[in-house]
């Protein structure tokens, strides 16, 4: 449910909290990652398509339908990436028995590889995507420590 709060005299950002209990922490985290990042991706499409409509000065039924299809496609893709990553990181954490930046690194590498394999890419590209996933996840983890 959306809500706002007052903090130090300033109005805070609205916060939407959705929790779906899937019966296991692994599934809960995976689904939560899918929902959050999928929503961000769909919202990004809305902003982009709104810009194009304003720039052209017109909107049509076909344009709205194309935007909705693009929202679903991008939301599902990035939601899947996030869900796989969160699930992989959680799995690595459980296997290793510790919570540190190495889980993000390994989870990112596994996610990059899995998403690359799912896209039918060649072996070299799978390795490159695993390295990219690892680098991005590790950098994000270190940035979380800074804030």
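At a glance:
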| read-out | value |
| --- | --- |
| Residue-averaged 222 nm ellipticity for the chain, from DSSP H runs of 4+ at -39500 (n - 2.57), nearest 500 | -27000 deg cm²/dmol |
| Where labels lie 7 Å past Cα in the beta-carbon direction, separation of residue 27 and residue 100 in nm | 3.2 nm |
| Length released on extending from residue 132 to residue 44, taking residue separation times 0.36 nm less the Cα-Cα span | 29.5 nm |
| Alpha carbon centroid spacing (whole Å) that separates segment 132-147 from segment 82-120 | 13 Å |
| Segment residue 146-residue 65, extension gain: residue separation times 0.36 nm, minus the distance between their alpha carbons | 25.0 nm |
| GNM flexibility winner over the chain from 102, 36, 61 (Cα, springs under 10 Å) | 61 |
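Every read-out reported here was derived from the displayed coordinates using simple, explicitly stated rules and does not represent laboratory data. Remember, it's a predicted structure, so these values are computed and weren't measured experimentally. So basically every Cβ, Gly included, is an ideal-geometry build from the backbone, and we count neighbours across all protein chains shown.
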